[in-house]
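The structure appears below as structure tokens.
Derivation of every value follows stated rules applied to the coordinates shown; laboratory data play no part. Note that the structure is predicted; figures quoted are calculated from it, not measured. Quick reminder, even Gly has a Cβ in these numbers, built from the backbone with ideal geometry, and neighbours come from all protein chains shown.
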Amino acid sequence: MKLDDLINQTSEWLRGTGPQSDIVISSRIRLARNISKLPFSHRALKAQSQQALKICRNAIESSDFMKGSIFMKIDELNSIDKQFLLERHLVSKELIAKSDSKAVVISEKEIISIMINEEDHLRIQVVQSGFNLSQAWQIIDKIDAELGSKIDFAFSHDLGFLTACPTNTGTGMRASVMLHLPALVITKQINRLLQTISKLGLTARGFYGEGTQASGNFFQISNQTTLGHTEFDVIDNIERMVRQIVTHEQNARKILNAQHKIEFQDRIYRALGTLKSAHIITSNETIELLSMVRLGMDMGFVKNIIMSKLNQLFIFTQPAHLQKLEGKALSPTERDVKRAEVIREAIGK
């Protein structure tokens with residue numbers, strides 16, 4: 001596989017399958033690991049970073065889980081390709097910001113991605129469609145064990161796995177769930193819910209994770225700390241919270257349908273009409289309108305659109321994807337025109 005092959009496939013988190021997939025878009029587990037006796041990435045000299053890259057690459061490329069994967073050095077990618085990987089949730093902003101001695105390895109179906117020399121020497125990520133944290137954990141636990149048999153990870157019997165950021169020390173695990181919560185936003189219940197989440201040791205982020213605001217009514221719910229908690233504690237805490245959030249969203253949708261059905265349907269059909277007919281459209285407007293159409297599909301108002309195809313539009317209308325589809329760099333105005341064209345071709349009929 002090559003990087004350009006990714007444009008022709010659906011990312012795991014966009015498949016629209018799995019438990020509670022009408023509200024829970026995807027489940028992700030990430031593990032932070034470092035090589036014993038080597039400085040953390042931000043303290044390492046160039047030779048030490050290159051040594052870490054070599055050790056990690058050798059271990060990953062001999063992994064049974066990563067057969068058929070793509071290995072890419074970040075400093076060999078152009079700016080569009082870096083943004084393309086970010087839009088697909090395969091790399092972080094930190095990895096592509098300073099690209100020297102950094103790399104990413106992506107599995108054939110984009111279920112697994114491993115960043116090398118980001119904040120930690122290894123950032124292992126597994127994504128599953130729908131509400132599937134337990135399945136994601138089963139996969140990543142096996143990968144971690146395999147790589148741990150090839151690499152001497154930095155570990156303390158008192159603290160657990162040692163990481164560059166103290167909040168990751170312990171299990172080194174961050175578990176997160178991507179939720180689509182338009183009804184809670186429309187009914188203005190979302191702020192109270194987010195405050196409750198914060199009090200329970202969880203955090204809510206936007207579509208692209210840490211440092212981003214919620215857009216398109218998407219929220220990532222994840223644990224804030226790992227020290228003093230087992231992996232199963234973290235997963236159980238998030239799963240219990242997500243079940244409550246899903247119930248609140250389902251109730252809010254029922255209220256909208258029962259008490260404001262005409263206004264609710266009108267908002268959905270106006271969004272669909274705009275997407276079908278627009279010849280120029282911005283990224284922000286697109287994601288908000290797609291959110292409403294997705295809600296309409298979940299509630300049975302909008303038919304004859306395949307969910308995975310609609311989900312794809314959330315990233316295929318992003319700047320780098322549009323430029324990859326066109327095969328050249330585009331100005332902001334050209335991207336707005338291309339974006340409208342892609343949407344019309346996908347759902348216009």
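Identify the residue in segment 121-135 that is outside any strand (DSSP E or B) and small (G, A, S) and, among all such residues, is surrounded by the fewest Cβ atoms within 10 Å (Cβ to Cβ).
Looking at the filtered set, the residue picked out is S134.
So, in segment 136-152, exactly how many residues are more than 24 Å from the chain's Cα centre (by Cα), β-branched (V, I, T) and part of a helix (DSSP H, G or I)?
Selection size over segment 136-152: 0.
Restricting attention to segment 153-190, and to residues there that are farther than 17 Å from E119 by Cβ and of a type in the set (V, I, T), which single residue is nearest to the chain's Cα centre (by Cα)?
In this case the residue turns out to be V177.
Given the criteria β-branched (V, I, T), under 17 Å from R30 (Cβ atoms), in contact with a helix residue (DSSP H, G or I) (Cβ under 8 Å, 6 or more places away or on another chain) and surrounded by fewer than 18 Cβ atoms within 10 Å (Cβ to Cβ), does T225 qualify?
Judged against the criteria, T225 is a match.
Under 9 Å by Cβ, and 6 or more places apart or on different chains, what pairs join a residue from segment 32-47 that is touching a residue at least 40 places away in the same chain (Cβ under 8 Å) with one that is surrounded by fewer than 14 Cβ atoms within 10 Å (Cβ to Cβ)?
Once the first residue is touching a residue at least 40 places away in the same chain (Cβ under 8 Å) and sits in segment 32-47, its partners that are surrounded by fewer than 14 Cβ atoms within 10 Å (Cβ to Cβ) give A32/C165; I35/D152; S36/D152; K37/D152; K46/D100.
Just need a number here: residues in segment 239-266 that are exposed (fewer than 15 other Cβ atoms within 10 Å of the Cβ), among the charged types (D, E, K, R) and under 23 Å from the mean Cα position of the chain (by Cα).
Counting residues in segment 239-266 that are exposed (fewer than 15 other Cβ atoms within 10 Å of the Cβ), among the charged types (D, E, K, R) and under 23 Å from the mean Cα position of the chain (by Cα) gives 2.
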